[in-house]
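Taking it in order: structure first as structure tokens, then the write-up.
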Amino acid sequence: MEEICGYYSPSDPLSFLSSRNVMLVTLVTSEKGNYPGIRAHVSQVLKGGAGMKCGGKIVGPQGAFMTPNFPNYYPPNTECEWKIEVPAGKWISVIFSKFLLFEPGQNGKDCTKDYVAVNSKKLCGEKVGQVAETISSNVATIRFVSDRSFVDRGFNATFKAIDSLDPCPKMFQCKNQLCMDLKLKCDGWNDCGDMSDELNCKCNESDLQCKNGLCKPMFWQCDGVNDCGDNTDELNCGCKADQFLCLNSACVLKKKRCDGRNDCGDGSDELDCGRTTSTSCSDVTYKCKNQMCINKQNPECDGTRDCADGSDEENCGECSPPPPPSSHLHLHHLHPHTSTISILTPPPSPSSHLHHLYCGQRLLRFKGSRIVGGQDAELGEFPWQVSLHVKAYGHVCGASVISRRWLVTAAHCVQDDGKIKFSQPRTWEAHLGLHTQRMPGKAVVKLGLKQVIPHPYYNAYTYDNDIALMELAGDVAFSDYIQPICLPAAQHVFPSGTTVSITGWGATREGGSAASVLQKAQVRIINATVCNRLMSNQITSRMLCAGILSGGVDACQGDSGGPLSSLASPASEGGRSFLAGVVSWGDGCARRNKPGIYSTVTKFRGWIKEKTGV
Ligand code: 4AZ
């Protein structure tokens, strides 16, 4: 029926129903780790019991029907036939709110295996969202057929009598026949599922008209994301076609870029011009340890030695050597009789004894690569993620490993609250290398704290400067499951639209309960001006917004203090993760147009260095 793994709470057990007197359960374990395993109860149910019944005649203005056992798997080799009759003169609208009839080898069109037939129209496969069918008669026959092989969860459906002249009274009818609230038409969101509520719209003044006819909320313009689909919302964003947009939002002629002169005023037209050179220092240049500045954006830990003193590759982990350009063993013949051997370290592997030298890199390899709208992280996928436990209570906040000694978290996690002294190091136990709460594997290291340093300007009312440092009671040994994340330089830029990861054991929905297995999700960085508008002017420059504005994906309670990890583009060598933000606050969780708010780590780079030396 299904292949499952992971952790399921006893309060939310899985249940399976076999349609016969046999069920095969196979437990497969790998060589890694020991776990408590499973405990299952088996009971017999009456064959042909209520849940197994299907078909029949349903008469009335509305009703519901579903496949046998729904939402469990329907049995193979089954046929159900429902005869529906609504009052004379009316038509019938059938809505399948779930439609799961997947079967390998069936393409969703021919429907030669398991299918549903609405009169003679066959439907099959798995459908996302609701499916609507209109029958232009007051009687209909719905047939469900499953063959001998492969079963799925089936469907549940409702039907109602509709007026043939007005099938969606006071509502908008989508092309796929669903009825939608009129307010949802032309609001920039694909509510119908087939975009039909967003086509042929006359955009109102607060909306942006895309060239392809769609209307999108105006605040999506120039946010670095192609929301229209034809990129028209990202054209002419402040600058004309032949102009370059400077980091300070000024426009200069494109031909002035990389001409050796500071045309923007902030020097950003002279960044990333191919050859990295020393330049006069400004807000947009990177300052090397020797106080010289270079004209390259985000040069730190990118595998290229850009500063003459190599300092841009220095804080990529403790005593990290500048990563070399390839992974071979090279002999440099300096002199006929002497040769220096430099061992060019390969990308770290679990067996590499050098792997503790790196930051922001996973040691384990992954196939592709709660948080609301996320999924289980893989073991070792976010080795800098820490779970901060209050002793005798459990997980309270997240944090990130930045060195053997230091963690970064949120200041609001370490504020005293009545009797609980969150500001005291002895209150806390940091769990590093953790994957599943209450299931500490061999990889987990639990450490007490020596110091807790909240940012001195943290404001508990506005959440401004919501960042804190934690010194571990001892040095932690890095492993496949414990690694530091790279800290971005103060000038590091995380452009709007960049996809970043959020991770944590926080609530999996607003007001919901915490996750057991570390959750991960991807969100996008949102333009600060847009975000400030969405969040009623509460965003300071120490805050960074990230989210999915259509809702459904976000950090939530219990994720606070955890990392907003940004993977440097694979093109820049190394593919390291940088700590772009620290989970701080939000207006609820995963709501539409309410991004998550993170502390901007670049703003605190100097303070972190001053307090920790990292
Ligand atoms: C919290 O309560 C919290 N949606 C953290 C993040 C967000 C909301 C609430 C962002 O810790």
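The values are calculated or read from the model by the stated rules, or taken from the named source; none is laboratory data. Just so we're clear, the structure is a prediction, and the values are computed from it rather than from any experiment. Counting neighbours? That spans all protein chains shown, and the Cβs are built from the backbone with ideal geometry, glycine included. The accessibility values were calculated without ligands, DNA or RNA, using every heavy atom of the protein model including side chains. Shrake-Rupley method; radii C 1.70, N 1.55, O 1.52, S 1.80 Å.
A residue that is modelled with pLDDT of 80 or more and open to solvent by 80 Å² or more (accessible area, probe 1.4 Å) cannot be found anywhere in the range 234-241.
Residue-by-condition table, conditions (1) more than 15 Å from the ligand (Cβ to nearest atom); (2) in a strand (DSSP E or B); (3) crowded, with 22+ Cβ neighbours inside 10 Å:
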position: Ala392; (1), (2), (3): yes, no, no
position: Gly398; (1), (2), (3): no, yes, yes
position: Phe422; (1), (2), (3): no, no, no
position: Arg426; (1), (2), (3): yes, no, no
position: Ala430; (1), (2), (3): yes, yes, yes
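Looking across the range 177-219, the residues that are closer than 25 Å to Met535 by Cβ, open to solvent by 20 Å² or more (accessible area, probe 1.4 Å) and out of contact with any Ser or Thr (no Cβ under 8 Å at 6 or more places or on another chain) come down to Lys183, Leu184, Cys186, Asp187, Asn190, Asp191, Cys203, Asn204, Glu205, Ser206, Asp207, Phe219. Scanning the range 261-295 for residues being out of contact with any strand residue (DSSP E or B) (no Cβ under 6 Å at 6 or more places or on another chain), open to solvent by less than 70 Å² (accessible area, probe 1.4 Å) and farther than 17 Å from Phe244 by Cβ gives a total of 3. Taking the range 504-614 and the strands (runs of 3 or more DSSP E) fully enclosed by it, the elements with 3 or more residues that are in contact with a Ser or Thr (Cβ under 7 Å, 6 or more places away or on another chain) and within 16 Å of the ligand (Cβ to nearest atom) are at 519-526, 577-585, 596-600. For the range 141-174, the tally of residues that are within 19 Å of Trp91 (Cβ to Cβ), in contact with a Phe, Trp or Tyr (Cβ under 9 Å, 6 or more places away or on another chain), crowded, with 20+ Cβ neighbours inside 10 Å and not β-branched (Val, Ile, Thr) stands at 2.
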